[in-house]
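What follows is a short report on a single structure.
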Amino acid sequence: MSEAVNEFWLKISSNRFYKKLLKEPLTYVTGAVLLAVFATAHLAVFSKGWGVTGTFADWGAWLYQLVGGNVDNWSYFSSEKSQETLSSGFLNDGGSIRNLGIIVGALLATLFASEFKLKKIKSKKQVAAAVLGGLLMGYGARLANGCNIGALFTAIASLSLSGWIFGLFLFVGAYIGSKLLAKFFM
């Protein structure tokens, strides 16, 4: 059985379509076209722009409710639509399914490209930088009312000035963050 499986994977790995679609990175033009097609399809199907981070607030609310908390009086969840989303559940939420798809898709892409590897943590500073960076990015995404998908990509595609302003400050933040990272954590 294992010889047949090995032979199957050897044949697959030498297939030019497998190499082109799953092993090699897409060109920037191909990536841009796919993003545009998927964003347009998302807008057509859901009648709203593509977003990622808003769903994380719902995930937090569901986890809080699992341990006995109640978010009904929180202003963020006070709208009828938010209450409907929370009551319908995780698997009935389109945003949750999309976010899971992004996570699983990224994992599969990494596995297919043979790029998955566990890396040894070099120092406590590296952990501190990763945790601090993640918290600041999450906090910033909530303050900005979106991340690079909703506040940048979707906003620019919708011809909103806010997307361009977000993009400008995204570059400023990335520049400052890279300088801080190099100075304190490398």
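Each value in this text was obtained by applying a stated rule to the coordinates, not by laboratory testing. Quick caveat, the model's predicted, so the values are computed rather than measured. Cβ atoms come from the backbone with ideal geometry, glycine included; neighbour counts cover every protein chain shown.
Quick notes on this structure:
- Helix 161-184 axis, angle to the chain major axis (alpha carbon atoms, nearest 10°): 70 degrees
- For segment 77-186, the set of chymotrypsin sites (Phe, Trp or Tyr not before Pro) satisfying both a DSSP loop assignment and a count of at most 16 other C-beta atoms within 10 Å is given as F116, F185.
- Spacing of the two label points (7 Å from each Cα toward its C-beta) at S87 and K117, in nm: 5.2 nm
- Distance between segment 41-102 and segment 121-147 - C-alpha centres, whole angstrom: 22 Å
- Rounded if a/c under 1.5, otherwise prolate or oblate - segment 32-186, Cα gyration tensor axes: rounded
- Global form of segment 1-46, assessed from the alpha-carbon gyration tensor, a/c cut-off 1.5: oblate
- Within-15-Å neighbourhood charge of A39 [Cβ basis; K, R +1; D, E -1]: +2
- Entry note, the chain: the mean residue ellipticity at 222 nm calculated from DSSP H runs of n ≥ 4, each adding -39500 (n - 2.57), is -21000 deg cm²/dmol after division by the residues and rounding to the nearest 500.
- Each other residue within a Cβ distance under 13 Å of F184 adds +1 if Lys or Arg and -1 if Asp or Glu, for a net charge of +4.
- Distance between modelled label sites at D72 and L136, nm, 7 Å Cα→Cβ extension: 4.0 nm
- Extension gain (nm, one decimal) between V172 and L100, 0.36 nm per residue minus Cα-Cα: 22.9 nm
- Counting only residues at least eight positions apart within a chain, or on another chain, the lysines with an alpha carbon under 30 Å from that of K117 are K11, K19, K20, K23, K125, K179, K183.
- Set of lysines with alpha-carbon distance to K48 below 26 Å, sequence-local pairs under 8 removed: K81
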